[in-house]
Amino acid sequence: MKTPSSVPLSLQVEASFNFTSALAKVRSAQSPVFSPDGDEIAFLSDLTGLPQIWSTPLSGGWARMITALDDPIRRFAWSPDGHRFIFELAAGGGMRTQLYLIRADGTGLRRLTEGDETTNQLGLWHPSGRKISFSSNHGDPAHLHTYWLDLKSREYERIAKNKGLGHLTDFHQGRGTALLYRMDERTDSNLYHIDLNTGEERCFTPHLSPGIFPKALFASSSNQIYFISNQEREYTAFAQVNLDHEDAWCTPQYLVTRENANLVDFVLSS
């Protein structure tokens with residue numbers, strides 16, 4: 001029995017084929033978020049050319065388009081009752097992003113922030129659903145301070161003054177406290193525990209620059225804070241501090257580490 005000799009494979013690409021144009025047509029879906037009742041998943045997709053909000057039922061079926069705007073959406077968040085979305089829109093694809101409110105059925109679009117010359121970055125919904133946190137250079141072009149925005153009155157209430165930029169990463173309604181990410185320089189950041197009633201701040205990531213601490217969350221059933229940290233490390237890892245231990249506030253306990261790899265994100269079960 002003879003084994004067939006190998007035949008060189010020649011691939012030819014049509015002269016009219018443009019790789020750059022073909023690559024630009026590749027669509028994506030990202031930033032999936034469960035609805036508060038767990039029945040749907042909303043996500044960003046550029047299926048129509050620009051990133052817009054879509055939603056699909058977990059039971060199956062076609063995804064439905066929530067927004068159909070002429071500018072890209074960068075971030076979005078479900079309201080606590082699942083009836084609305086807040087989203088961050090980049091007009092013309094630029095940096096001067098604005099915040100908008102829309103119903104989950106795609107109706108009732110309303111702009112919340114004022115001034116096309118300001119930059120506004122989405123933060124968190126307040127559990128009451130009556131206001132959101134966000135960061136803005138409103139009134140101070142050089143810095144992005146952290147505010148509450150009342151959705152009915154559209155009034156601003158400053159939460160924290162930032163040297164560079166900052167935003168809330170979590171909110172604890174029972175204690176009236178929040179966690180604030182603050183970046184004073186491009187290569188250095190810190191995390192703070194804030195009493196929203198008194199405005200008192202406490203940094204729990206003191207370190208020698210540079211430092212990376214992009215995310216922090218309260219534990220749901222204890223006085224612990226979980227966060228991403230590279231304090232005393234080259235790579236970011238999963239860490240915690242305990243609010244009950246005053247002497248351990250500034251000393252992270254690393255729970256999960258991996259050599260030659262950075263922790264990018266994490267979620268906590270409810």
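The values are calculated or read from the model by the stated rules, or taken from the named source; none is laboratory data. Just so we're clear, the structure is a prediction, and the values are computed from it rather than from any experiment. Here the Cβ positions follow ideal geometry from the backbone for every residue, glycine too, while neighbour counts run over all protein chains shown.
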- [ ] For the stretch 205-228, enumerate the residues that are touching a Leu at 6+ places or on another chain (Cβ under 6 Å) and among the basic types (Lys, Arg).
- [x] none
TODO: Those residues that are of a type in the set (D, E, K, R) and either surrounded by fewer than 16 Cβ atoms within 10 Å (Cβ to Cβ) or under 17 Å from PRO127 (Cα atoms) (or both), I need them from the stretch 187-197; list them, please.
DONE: ASP195
TODO: State whether the residues of the stretch 188-196 include one that is within 25 Å of GLU232 (Cα to Cα), assigned to a strand (DSSP E or B), charged (D, E, K, R) and at pLDDT 90 or above.
DONE: no
- [ ] Taking the options ASN223, ASN242, ASN262, name whichever one is surrounded by 11 or more Cβ atoms within 10 Å (Cβ to Cβ), more than 17 Å from LEU180 (Cβ to Cβ) and modelled with pLDDT of 90 or more.
- [x] ASN262
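Residue-by-condition table, conditions (1) over 24 Å from ASP140 (Cβ atoms); (2) assigned to a loop (DSSP other than H, G, I, E, B); (3) outside the structural domain of ASN120 (by TED's automatic domain parsing):
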{"site": "TYR181", "(1), (2), (3)": "no, no, yes"}
{"site": "PRO206", "(1), (2), (3)": "yes, yes, yes"}
{"site": "ARG233", "(1), (2), (3)": "yes, yes, yes"}
{"site": "ALA239", "(1), (2), (3)": "yes, no, yes"}
Task: Residues of the stretch 206-233 classified as over 17 Å from GLY166 (Cβ atoms) and of a type in the set (A, V, I, L, M), total - done: 2
- [ ] Looking only at the stretch 168-186, decide whether some residue is closer than 20 Å to LEU112 by Cα and either surrounded by 13 or more Cβ atoms within 10 Å (Cβ to Cβ) or at pLDDT 90 or above (or both).
- [x] yes
